[in-house]
Structures are given as C-alpha cells and as structure tokens.
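Let me begin by presenting the structure, written as structure tokens, before commenting on it.
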Amino acid sequence: MNWEEELLKLFDTEEFADVKAPVQKKTSSDRLINSFLDVVSFVEANNREPQEDGTINEMTLSRTLSSIRKDEKKRAKCLPYDTLGLLKEKEKTIDEQLMELFNDPLYDTSSEVQGMFDVPEYMKKASIDRPDYIAQRVPCDNFDEKYAARFKDVHAKLNDGRYKLVKFKDEHLKDGAYFVVDGILVLLDKIEGVKKKRDYKLDGRTLCIYENGLQSDVLLQSLAKAIYSGGYSVRDMTLSDDDHLKKQFTVTESDVPSGHIYVLRSKSTDPEIASIKDLYKIGFTTQTVEERIANAKNDATYLFADVEVVASWQVFNVKAVAFENLIHKLFSHVQLKLSAGDSNPKEWFVVPLPIIEQAVNYIIGGQPIAYDAQLKQIVLL
C-alpha cells in the first residue's frame, strides 16, 4: 500500500474541504525585497534606472532604490537579489579619497604644530621667474626660396620609406633635425644661446620652421615638451633598416617555415566595396596563397568575390595567431566594419599598400611599431 497516495485521497474527501494551510503574513523584509525586485524589473525592461521626474510609479521606484542604497541594513538584505549590480558600491574618485584622508581626525593638528611648517619671510622667493615673452609663430619671409623644397624632399622620403617616424628622445634635438608636432612637419633650423637649466637639461632659443610657412623662436625645452606630448622625430633609418632586415630575412637550417602572409585586393563589383580606396585584406595561411583563395567568390571572408594577390611573404618561425593579433591591433583604428551575409569579416583594412609592406617587415623582424592614421606613417617605438 502506498501511504502517501492514501493520505492524499483522504484529504480530498468532503470532510477536509474547509481545511486550508495557514496563510503566512508578509514581513517587512518580504515587502522590502519585493519592492527591490520591482526596481530590478523596471531596469531590465527600460535599460535604465527609474527617475524622479517620471511617472508616479517610476518616481516611487526611484525613491525605493535611493532608500535602499542609503540604508546599509536594507542594502544587505537586497544584495542577494541584485542581479544587475544596482547596489554595488561605486569606487571613490582620487579627490574623494584624498578628502577623506585629509579629514581624518588622526591628522588634526594644533595651530602651534602647523606653524612649524610655515616658511620664514626671508626664505620666501621675492618674485617668480617668467619668460620675457611667449614665442609666437610668424610668417617666414624666405620660406619658398630656402625651405619649401626641403620639406617636399622629407615628405617624399617618408612616403617611400627612406625616412621613418620614431619615438622622440632628447638627443634628437640637433640643428637640421625634423620633427612632427601635432601633425605638422617642423625643421629645427638652429639653436642659439644654449645653457644648462637647474634640472641639468640644455635650453636655448631656437629657429623652428614649419611646413605651413611659419617660423618661431620657441625655447628648446618647450619644443621638446610639444614633441613628447603629440609628435615624433623624423630619422634616416636606411642603413639600420637594411642591416636589421638582412639579419631577419637570412634563412638558416634552424628556421622552420610556418606559412605565408598575404595582402589581397577585392575584385568585388559592389559599389560600396569597389569605391573604397586602399582597401586590403591582410591574412596568414599555412597553405599556399593560391590554395587559400581558390574559393574566394563563395566565401564571406572574401566578401563573396574574387580577389587579387598584391603581395605575399613566406615566413619562418611565426605563429599565425600571433601575427594576426599584432596586425589587427596595429591597424585596429582603420579596420573596415563589414557584413557579408551572416558573417563579419575582420581582416579588411583601409591603409596604403606601402604602409602594410613596412608593417609586415617590422613585425617579422620583431620591431615594436605603431601606426599614425592621420599621418599615414609607421612609427618605430
């Protein structure tokens, strides 16, 4: 005999029809949790917290949330139901942390003790040294005759790779050196009145010529700060590049072939794709490039169109994942966001081919680099 079934049958008889389980009364904790769950439901439905200036119901929910946040006991009871992080303590800002530190009673001191830190009058500096004037950029009278051709030559050498942008160092500050400051090419034509400052750095007046036809006699250290904060040095890297790449591309018996890096141009007839200048796919394959692209017109990765191989390299000792991560990170801000069917191809970039070739060579050679999209230049770090 199944006693559970027999008992259930017994309670189903008419004699027990009026017998009901006692109704549990809702406690204050139950009401608090239910109110908080109403707030959670509102945030999930509207993707925002309730506001005071909303409907009456929204205003009530806003005040409920505010009350729970202010009361530590209420907050503790509701935390297990906080699936959205509404009650998570916000990190204090540096200013708030400092104010708490300075307001700590531990640091309360009497006026006599505070007086120990007062600077005597005779030690106070009578005046603050200020520059006699602030250097201004003014038109360069002989720019066309003396400097215009030189700037064109520097741009040409930057474009064909003979010159490179590199991370600035103080030792680059020499007569005749070129720099990029806020996207403008600058010639440090000469330095005059050089003297050592209190921090042992050399300073002096300069004659700086800007490619927009202006000149300035900015202080040397002011120029250095401007380059540090938003610029680069222009360096002739021809000899060092040749030596570096020769070593990296000399194959030995210990080198292991790992695949091919390829650069492709789309043959798509879609106007949205065909109209984009300098659009290339950069990838890595352990097959031959021809095998990899054989079915391009049926592959979302290739935008469902045939492609043209514009460059390829056989590489050794390079992991496919490592290379792809580096190239994607380098050109992430010029990566084209595309949709092809249900896919989102991620290897298409809007960047000039010579820049891609330089980048691949440096990545293979292990040289840390960055890409300045505004200047369209590789920067050596």
Next on the checklist: Can you report the number of residues in region 184-225 which are within 32 Å of the chain's Cα centre (by Cα) and free of Cβ contacts under 8 Å to residues at least 12 places away in the same chain?
Outcome noted: 1
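Restricting the search to region 297-311, which residues are of a type in the set (S, T, N, Q) and open to solvent by 60 Å² or more (accessible area, probe 1.4 Å)?
First, the residues of region 297-311 that are of a type in the set (S, T, N, Q): 298, 301.
The one that is of a type in the set (S, T, N, Q) and open to solvent by 60 Å² or more (accessible area, probe 1.4 Å): Asn298.
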Checklist entry - Just for strands (runs of 3 or more DSSP E) wholly inside region 155-239: which have at least 2 residues that are open to solvent by 70 Å² or more (accessible area, probe 1.4 Å)? => result 184-196, 231-236
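Given the structure, is Tyr178 of a type in the set (Phe, Trp, Tyr) and on the phi > 0 side of the Ramachandran plot? Before you say what the answer is, go through the steps one by one.
Details: of a type in the set (Phe, Trp, Tyr): yes; on the phi > 0 side of the Ramachandran plot: no.
It is false that Tyr178 is of a type in the set (Phe, Trp, Tyr) and on the phi > 0 side of the Ramachandran plot.
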Checklist entry - Exactly one of (1) open to solvent by less than 50 Å² (accessible area, probe 1.4 Å); (2) within 17 Å of the chain's Cα centre (by Cα) is unmet by Leu381. Its number? => result (1)
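Can you pull out the residues in region 48-82 that are among the polar types (S, T, N, Q) and either part of a helix (DSSP H, G or I) or at pLDDT 85 or above (or both)? Walk me through how you get there before you give the answer.
Applying the first criterion (among the polar types (S, T, N, Q)) to region 48-82 yields 51, 55, 57, 60, 62, 64, 66-67.
Residues satisfying the conditions are Gln51, Asn57, Thr60, Ser62, Thr64, Ser66, Ser67.
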Item to check | In region 312-335, the residues that are open to solvent by less than 50 Å² (accessible area, probe 1.4 Å), at pLDDT below 90 and in a loop (DSSP other than H, G, I, E, B) | outcome: Val318
Next on the checklist: It is to be established whether one or more residues within region 309-324 are under 18 Å from Ser339 (Cβ atoms), in contact with a Pro (Cβ under 8 Å, 6 or more places away or on another chain) and not polar (S, T, N, Q).
Outcome noted: no
Checklist outcome for this item: Only one of (1) closer than 25 Å to Tyr228 by Cβ; (2) crowded, with 20+ Cβ neighbours inside 10 Å; (3) in contact (Cβ under 8 Å) with a residue 40 or more places away in the chain does not apply to Gln374, and that is (2)
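For region 250-296, which positions are among the polar types (S, T, N, Q), in a loop (DSSP other than H, G, I, E, B), open to solvent by less than 60 Å² (accessible area, probe 1.4 Å) and at pLDDT below 90? Talk me through it step by step, then tell me what you get.
Filtering region 250-296 down to residues among the polar types (S, T, N, Q) leaves 250, 252, 254, 258, 266, 268-269, 275, 285-288, 295.
Next, only the ones that are in a loop (DSSP other than H, G, I, E, B) stay: 250, 252, 254, 268-269, 275, 286-288, 295.
Right, trim to open to solvent by less than 60 Å² (accessible area, probe 1.4 Å) and you get 268, 288.
Within region 250-296, just Thr288 meets the criteria.
The values are calculated or read from the model by the stated rules, or taken from the named source; none is laboratory data. The model shown is predicted, which means the values in this text are computed figures rather than measured ones. When we count neighbours, we look across all protein chains shown, and the Cβ atoms used for this are built from the backbone with ideal geometry, even at glycine. Keep in mind that these areas ignore ligands, DNA and RNA; they rest on the heavy atoms of the full protein, side chains included. Shrake-Rupley method; radii C 1.70, N 1.55, O 1.52, S 1.80 Å.
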